[in-house]
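Throughout, read-outs are computed from the coordinates displayed, never taken from laboratory work. Given the structure is predicted, the values throughout are model-derived calculations rather than measurements. Cβ placement follows ideal geometry from the backbone for every residue including glycine, while neighbour counts extend to all protein chains displayed.
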Amino acid sequence: MTAIDVAAPASDADTGARTSALGRLLVIGIPYAWMAFFFLVPFLIVVKISFSETAIAIPPYTPVFDFAVDGIAGTIAKLGELSLATYEFLTTDSLYWRSYLSSVWIAGTSTVITLAIGYPLAYGMARCPREWRPMLLMMVILPFWTSFLIRVYAWIGILSREGLLNKLLISIGLVDPAQPLVILSTTTAVYIGIVYSYLPFMVLPLYASLEKLDETLLEAAADLGCTPWRAFWQVTFPLSLPGVIAGCFLVFIPAVGEFVIPDLLGGSETLMIGKTLWTEFFNNRDWPVASAVAVILLLILVIPIVLFQNQQAKAQETGR
Amino acid sequence: MSKQAIGPIRRSFAPWDDPAAKPLIEYRGVTKRFGDFVAVENLDLKIYTREFFALLGPSGCGKTTLMRMLAGFEDPTQGDVILDGKSVVGVPPYRRPVNMMFQSYALFPHMNVEQNIGFGLKQDGMSKADIAVRVAEMLKLVKLEPFAKRKPHQLSGGQRQRVALARSLAKRPKVLLLDEPLGALDKKLRQETQFELMDLQQELGMTFLVVTHDQEEAMTVADRIAVMDKGKIIQVATPSEIYEQPNSRYVASFIGDVNMFEGKTVPTADGITRIECGALGMAIESEGSHKPAAGEAAWFAVRPEKVRLTSDAPPDAAGVNAVPGEVWDIAYLGDMSIFHVKLANGQVMTATRANISRIVDKPIGWDDKVWLSWDRNAGVVLQG
């Protein structure tokens with residue numbers, strides 16, 4: 001082959017690479033721009049508010065930056081008024097750290113329960129005849145077609161004192177009609193709500209990782225003297241770990257900041273940070289404290305998110 | 001025909017000729033159905049200790065099903081599978097003293113080479129120290145010592161094949177099952193590995209059962225070959241018998257190249273079968289164990305390398321085992337040349353010639369009129 005032969009397609013490929021690089025930049029740029037405008041900028045505003053102080057005004061905090069009025073010099077002067085006072089306040093009242101701790105605990109426990117229910121579900125789906133799988137998958141996704149809020153409301157009807165569950169248990173004589181089960185407005189109801197709502201987020205990644213498991217690996221394990229039970233723990237489970245980790249994060253992260261479920265199903269004793277935040281914002285109209293609570297929640301969640309991404313990157317690297 | 005030597009004899013090992021020998025593996029009237037599909041039909045087969053046995057056939061012929069019934073992944077619909085004197089029907093795979101090397105290798109992706117090889121030993125509850133010793137032994141056997149800590153995805157195809165082999169050998173099974181063991185390797189590596197497998201089998205004194213669709217592979221490695229078609233065994237014999245004495249058109253054409261003629265048997269003296277091929281004005285005379293009744297239609301097969309190619313009519317032939325034709329195609333392969341010769345009835349016959357000297361006096365070229373002839377013992381009368 002001559003040098004020209006080589007050079008011609010190479011320069012072709014070069015221009016091709018340049019246009020495709022531009023195209024790639026555009027494709028990547030759009031979601032980044034979206035995130036910057038609709039996530040980063042609002043978040044920076046929240047951060048700024050968290051460093052402000054409450055005031056009886058509109059908006060209910062001070063200082064308020066207004067470039068048109070203050071100009072650059074005035075804005076810089078106002079920066080000096082920002083303080084860490086709200087963060088100091090968060091440490092003085094045990095309500096906040098108890099809320100965080102309780103949220104993490106409730107989310108963590110719910111994640112474990114969701115895993116315990118979701119794994120057999122996903123395993124059964126991945127092992128059943130191929131022609132059934134799309135239908136079963138559909139049934140997992142189907143609840144999303146109804147509003148999340150309505151589905152949580154429906155649980156009130158099921159769990160209340162005169163609800164469907166109590167009626168059923170009374171009719172079959174398991175529960176004394178004079179003393180129906182009290183589930184609604186307890187933390188138990190919150191667990192039920194979270195597990196129910198987030199189950200698909202656990203099942204789908206688990207199913208994806210179990211479905212691509214090569215069944216000859218299980219045959220190989222059996223061939224080498226492994227009983228089905230041991231084969232599950234030595235082959236199936238370790239190979240489904242990426243799905244387990246993905247599912248756990250997809251449940252845990254949104255569950256920590258959950259507001260609707262504890263608000264509708266939980267009682268006054270259920271402490272969750274989402275509810276605390278709501279109270280600060282709407283009942284106390286304390287925007288700086290509410291903002292500080294949100295910022296710290298985000299910092300707490302960044303840790304598992306970073307772990308999650310590391311794990312994903314590692315999984316990509318090994319091609320599994 | 002008496003038991004005369006045909007082809008090279010590898011060693012004096014032929015328990016299948018000894019009526020007193022007890023088979024290690026026996027399939028008795030085994031049938032396996034998947035719904036309406038009959039994968040294996042009323043099949044009998046005996047395999048002996050230390051034998052290297054090959055199941056050969058096209059895909060879908062039931063050879064893999066036959067092997068999987070021995071491994072325990074399938075149970076026969078009817079019949080019995082006996083291993084070492086005991087029926088294994090219904091025994092789960094994890095309680096059978098056989099190990100399998102899978103076609104896809106089925107290496108555990110989350111374990112390194114060492115852990116993969118030691119997996120079966122761990123299941124047996126062997127101590128860690130003993131496992132380490134055995135694994136080291138296996139790594140040495142398959143020459144993979146430097147790769148002990150690698151994961152399967154960091155190995156080449158040939159290396160993975162060796163890990164799979166080591167893993168299935170580690171438990172020292174009574175029978176090693178190999179499902180298309182070399183299918184994923186390139187040709188050169190495949191040939192090397194074939195010889196390594198033979199050496200390994202001799203060294204370990206184990207019984208190997210290999211499933212393959214590659215006739216060359218089966219011929220190279222096996223003591224005996226069972227040629228299968230549509231769930232049935234067509235012929236079981238040593239590689240040389242399969243090649244030199246195929247019992248049917250199917251076996252003759254599945255293994256190697258062959259020229260076949262159809263004709264009618266006519267009465268002859270003892271030991272000779274005479275077939276008249278009316279369309280070619282030729283008679284075929286053959287010595288052989290199979291002698292169809294006079295008047296029956298019969299098929300005769302002769303291998304290309306046993307056909308003589310001459311410019312002149314062979315003397316004394318008188319239309320027996322000799323036929324004229326015209327050279328249609330020549331393929332020069334270096335070590336030999338392949339001639340395609342068109343006969344009077346349009347049938348194309350193949351003959352090969354070893355290129356034993358560099359310069360040929362009267363070379364045979366395209367469109368030349370030639371004669372093809374062969375000896376009485378060159379071909380074989382087929383049974384079906």
Peptide B:118-129, shielding by other chains (average Cβ, 10 Å cutoff): 3
Over 28 Å between alpha carbons, listed pairs A:314/B:171; B:63/B:291; B:143/B:171; B:232/B:291: A:314/B:171; B:63/B:291
Cα-based helix-to-principal-axis angle, B:187-204 vs chain B, degrees rounded to 10: 60 degrees
Approximate spin-label separation residue B:148-residue B:306, in nm, with each point projected 7 Å along Cα-to-Cβ: 5.3 nm
Kirkwood Rh, angstrom, chain B [1 / mean 1/r, Cα pairs]: 23.5 Å
Summed side-chain charge close to residue A:177 - residues other than residue A:177 whose Cβ falls under 15 Å, Lys, Arg +1, Asp, Glu -1: 0
Per-peptide average of other Cβ atoms within 10 Å, ordering A:162-172, B:249-259, B:163-173 highest first: B:163-173, B:249-259, A:162-172
Cut-off under 5 Å, modelled amide H: who pairs with residue B:100 long-range: B:177
Directionally averaged projected area (convex hull, Cα atoms, the range A:32-81), nm²: 4.1 nm²
Around residue A:95: net Lys/Arg minus Asp/Glu count, Cβ-Cβ under 12 Å: 0
Least to most buried among A:66, B:368, B:179, B:229 (fewest other Cβ within 10 Å first): A:66, B:368, B:229, B:179
Cβ-based exposure ranking for A:261, A:106, in which fewest neighbours within 10 Å come first: A:106, A:261
Inter-chain Cβ neighbour average for residues B:151-159, partner chain, 10 Å: 1
D_trans [Stokes-Einstein, Kirkwood Rh over alpha-carbon pairs] for the range A:84-227, 37 °C, 0.692 mPa s, µm² s⁻¹: 174 µm²/s
FRET E, pair residue A:300, residue B:124, Förster distance 45 Å, beta-carbon r, rounded to 0.05: 0.40
Built amide H within the under 5 Å cut-off of residue B:52, gap 5+: B:208, B:223, B:224
Exercise: per-residue mean of other protein chain Cβ atoms within 10 Å, B:102-109: 5
Positive-end extreme of charge dipole, chain B - chosen from B:89, B:345, B:311 (charges on Cβ): B:89
Mean projection area, nm², convex hull over Cα of chain A: 29.6 nm²
Per-residue [θ]222 nm for chain B (sum of -39500 (n - 2.57) over DSSP H runs n ≥ 4, rounded to 500): -6500 deg cm²/dmol
Mean Kyte hydropathy of 1.6 or more with a Cα span along the axis of at least 20 Å, helices from DSSP in chain A: A:237-256
Cβ-placed point charges (K, R +1; D, E -1), dipole of the range B:192-248 about Cα centre in debye, nearest 20: 440 debye
Dipole axis of the protein assembly as shown (+1 Lys, Arg; -1 Asp, Glu on Cβ), positive-most option in B:191, A:168, B:251: A:168
Coil-residue trypsin sites (Lys or Arg not before Pro) of the range A:226-288, DSSP, other Cβ within 10 Å capped at 15: A:285
Size of electric dipole in the protein assembly as shown: Cβ of Lys, Arg +1 and of Asp, Glu -1, about Cα centre, debye, nearest 20: 1120 debye
Computed helical MRE - 222 nm, chain A, DSSP H runs ≥ 4 contributing -39500 (n - 2.57), nearest 500: -23500 deg cm²/dmol
Share of pairwise Cα separations in the protein assembly as shown, more than 48 Å, in percent: 48 percent
Angle in degrees between helix B:128-141 and the longest Cα principal axis of chain B, rounded to the nearest 10: 20 degrees
Chain B - percent relative contact order, Cα under 8 Å, separation 6 or more: 15 percent
Between the range B:334-384 and the range B:213-247, the alpha-carbon center distance in angstrom: 25 Å
Unit charges on C-beta of K, R, D, E only; dipole of the range B:1-143, Debye: 360 debye
Cβ-based exposure ranking for A:95, A:136, in which fewest neighbours within 10 Å come first: A:95, A:136
Residue (of A:283, A:195, A:144) at the positive-pole extreme of the range A:93-317, dipole from beta-carbon charges: A:144
Local electrostatic count at residue B:84 - Lys and Arg +1, Asp and Glu -1, tallied over other residues with Cβ under 12 Å: +3
